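Take a look at the structure set out below.
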Amino acid sequence: MYSAGAYKFKADALACLATIESDLRRGVWIDPRAGRMTLRVYAKEWLDQRNDLAFRTNELYTYLLESHIMPSLGNATLIGLAPSKIRSWHAVSLGSSSTAAKAYRLLSAILRTAVTDGLLVSSLCKVAGGEWSGPQAARWRPFARLKALEAAMQNIFVS
């Protein structure tokens with residue numbers, strides 16, 4: 001049984017009920033009790049369930065979680081996290097390095113799974129460019145390779 005709390009005025013209780021009913025109809029209601037799990041517990045479960053990961057990837061994720069994510073965010077509940085808290089963690093704890101981008105991508109993947117699991121309404125990772133920080137931004141590498149291949153092909157056909 002779920003309780004939305006006690007209200008001093010009937011109008012406040014009815015307004016809360018109307019909001020919950022509306023969210024239920026739209027399919028976006030999240031039971032507040034579901035998000036009381038800490039990020040540390042959820043991330044460990046997430047990683048334990050990822051049996052599709054290569055050994056080195058699992059090793060990297062464990063390192064990123066233990067060294068970069070959990071010290072600052074691990075004790076926060078899923079519903080206690082906020083985009084501003086994640087932005088602050090990203091800016092202060094990580095700076096702009098390739099490790100920062102990897103840690104942010106990992107956190108983003110974990111929180112997207114929490115959305116799929118019905119623990120959050122939407123992902124809380126909203127740092128502009130957070131997934132592509134650092135000097136070796138991974139998203140540009142394929143484009144650079146394509147440009148090099150194009151130049152090489154032009155040399156072949158021009159000669």
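The values are calculated or read from the model by the stated rules, or taken from the named source; none is laboratory data. All figures in this text were calculated on a predicted structure; none of them were measured in a lab. Here the Cβ positions follow ideal geometry from the backbone for every residue, glycine too, while neighbour counts run over all protein chains shown.
Worth pointing out:
- Condition met for A103 (touching a residue at least 24 places away in the same chain (Cβ under 8 Å) and closer than 19 Å to L119 by Cβ): no
- In the set (1) buried (at least 16 other Cβ atoms within 10 Å of the Cβ); (2) modelled with pLDDT under 85; (3) among the polar types (S, T, N, Q), the condition left unmet by T38 is number (2).
- Some residue of the stretch 132-139 being of a type outside the set (A, V, I, L, M, F, W, C), within 30 Å of I79 (Cα to Cα) and modelled with pLDDT under 70: yes
- Among (1) in a helix (DSSP H, G or I); (2) small (G, A, S); (3) at pLDDT below 85, the one test that S108 misses: (3)
- Residues of the stretch 73-98 that are assigned to a helix (DSSP H, G or I) and crowded, with 17+ Cβ neighbours inside 10 Å: L73, I86, W89, H90, L94.
Residues checked against (1) in a helix (DSSP H, G or I); (2) at pLDDT 90 or above; (3) in the same structural domain as L111 (by TED's automatic domain parsing); (4) farther than 20 Å from L124 by Cβ:
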| position | (1), (2), (3), (4) |
| --- | --- |
| A4 | no, no, no, yes |
| L14 | yes, no, no, yes |
| S22 | yes, no, no, yes |
| Y42 | yes, yes, yes, no |
| R56 | yes, yes, yes, yes |
